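The values are calculated or read from the model by the stated rules, or taken from the named source; none is laboratory data. All values reported here derive from a predicted model rather than from experimental measurement. No Cβ is skipped: glycine too gets one built from the backbone with ideal geometry, and neighbour counts run over all protein chains shown. What goes into the accessible areas is simple: the full protein's heavy atoms, side chains included, and nothing from ligands, DNA or RNA. Shrake-Rupley method; radii C 1.70, N 1.55, O 1.52, S 1.80 Å.
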Amino acid sequence: MHERLLLDGNMAMVEAMRLCRVGVISAYPITPQSPVAEKLSEYVENGKLNAEYIRVESEHSALSCAIGAQLTGVRACTATSSVGLALMHEVLGVASGCRVPVVMGIINRALVAPWSLWCDHQDTMAERDSGWIQIYAKSVQEVFDSMVVAYRLAEHKDVQSPAMVCIDGFFLSHTSEVALIPSQEEIDDFLPPYQPCNAHLSVDNPMFVNNLIPSSEFCEMRYQQKEGLDHVKEVLPAIHAEFLEKFGREQFTVEQYCCEGADMVLVTIGSMFGAAMQAAGKLRKQGKKVGVLRIVLFRPFPYEIVGEILRDVPVVGVLDRSAGLGAQGAPLFTEVKTAAANPSTKFVSMVGGLGGRDLSTATMENAFSYLEDVYNGKADGKAQKWIDLKDNYGTLRLKNIGGNELCIK
Amino acid sequence: MSKGQENASKQSEKDKNSTFLGPVATIVNDVDTGAWRVDVPVVDHASCIRCAICKKHCPLSIIKVDKENPVWIDMRFCKGCGICAQVCPKGCILMDSNIKEVENNA
């Protein structure tokens, strides 16, 4: 029997970790992840969670400890944000390469500089090729559900790869919603105790993990990882079906809203889906054939499904919450365009909501109106469109402070 | 990449039936670091006082010293670093670069 609780995204993540019986926690606090680290330590202190809490001195150590702990045969957990994830960069590859199925919560926050505490996706997008599964949640309920699914998925014997559950900083992490939290028995029934089925640390059966690998074997081990991630697409639908049967909530690889027969589809990721759906619903009532697609599983990218959905759509806009500097389009755009490659489709790369800027329904309507211009031939849509950019971007904070004359023309 | 390095780790007999993914090995006994050696330590057993200072300093812990037997170095693993020759108070270990073949009476 589930409980109805008022939770924010961080607390939903903590409840999932608790119910999935994590045995070792090594987390280093960072805004907006700090409540996760704090609540877990509180649970360990008051005995609600039977786990070891390791106080580490950095995120690099946090993930290193989690990997070492998980190798001894427990679920280990950690969570981080932004520059914390960047500091973990080296260790992310150790977890995925050694096939240690750690599940990590990521509270998305912009990367420096400019220094920011607020949401965008550049932190996780920068780690998209690290061999980790990436799932982007849209609501507090989905934060909880995705975490539970992520444990099953990551630990599946054919996958054996770590997973990140990415939630939008503040928009999800600090916003309270009612969430249905299942009982411990129901979760235990869905998620069996952790059984390491690959590398493990044991005194009786010593094992050498992550030794120097010559060129004669390196490529093969990378290919093993590729196969593991490829298996996600076979394994995930079955896990989703079981989840639906047990808990009555549908989980998505990609989620569609009015995409069938649409002239214009906006591809979104994360919590922005709600506002995009709201705007699309309004435009649909005005007779405009618009749709919204949400990418939930970003790694491995479900290119077959995305390609199939977008095959006959004339205009596809992809709204990234990260800039993708220097590339033809931002990260999500390049994935979607490659997946749905159709010469008659016009693809528009859009960037918005950086550094915590709200992607409101008004912004979404602007995005759709630009897509309509492209559809009607009024705009070519070839250049990247920054949908919420202010016109005074070039003169922002421009003031003669003495010594900066050369910069002010 | 030398054959010795490639063989550095492999699965043990008892784990033959299970397969492991990624850089994992269950047996590590064939790290043939002796293949890297250029200079060979030669001990003058007559001047050696068996003080075992060389044994303490050997980074691979492959020198055996006791009162009855002459100093013995496991040449399978000796990289020829020469630390033993540097620390010997009697100066009775010399690094010889002309020796090509070493008999290992392990």
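Can you name the helices (runs of 4 or more DSSP H) wholly within region A:277-384 that have at least 1 residues being under 25 Å from A:A110 (Cα atoms), open to solvent by less than 60 Å² (accessible area, probe 1.4 Å) and hydrophobic (A, V, I, L, M, F, W, C)?
A:331-339, A:361-375
Just checking, how many residues over region B:54-96 are in contact with a strand residue (DSSP E or B) (Cβ under 6 Å, 6 or more places away or on another chain), in a helix (DSSP H, G or I) and open to solvent by 50 Å² or more (accessible area, probe 1.4 Å)?
1
Counting only residues that are free of Cβ contacts under 8 Å to residues at least 60 places away in the same chain and either among the hydroxyl-bearing types (S, T, Y) or open to solvent by 40 Å² or more (accessible area, probe 1.4 Å) (or both), how many does region A:83-102 have?
5
Counting just the residues of region B:1-28 that are in contact with a Lys or Arg (Cβ under 9 Å, 6 or more places away or on another chain) and either open to solvent by 60 Å² or more (accessible area, probe 1.4 Å) or modelled with pLDDT under 80 (or both), which one comes out farthest from the other protein chains (Cβ to nearest Cβ)?
B:I27
I'd like to know if region A:208-229 contains one or more residues that are surrounded by 11 or more Cβ atoms within 10 Å (Cβ to Cβ), in the same structural domain as A:V149 (by TED's automatic domain parsing) and closer than 28 Å to A:Q141 by Cα.
Checked region A:208-229: at least one residue is surrounded by 11 or more Cβ atoms within 10 Å (Cβ to Cβ), in the same structural domain as A:V149 (by TED's automatic domain parsing) and closer than 28 Å to A:Q141 by Cα.
What is the residue count in region B:32-47 for residues that are outside any loop (DSSP other than H, G, I, E, B) and farther than 19 Å from B:V71 by Cα?
Matching residues across region B:32-47 total 3.
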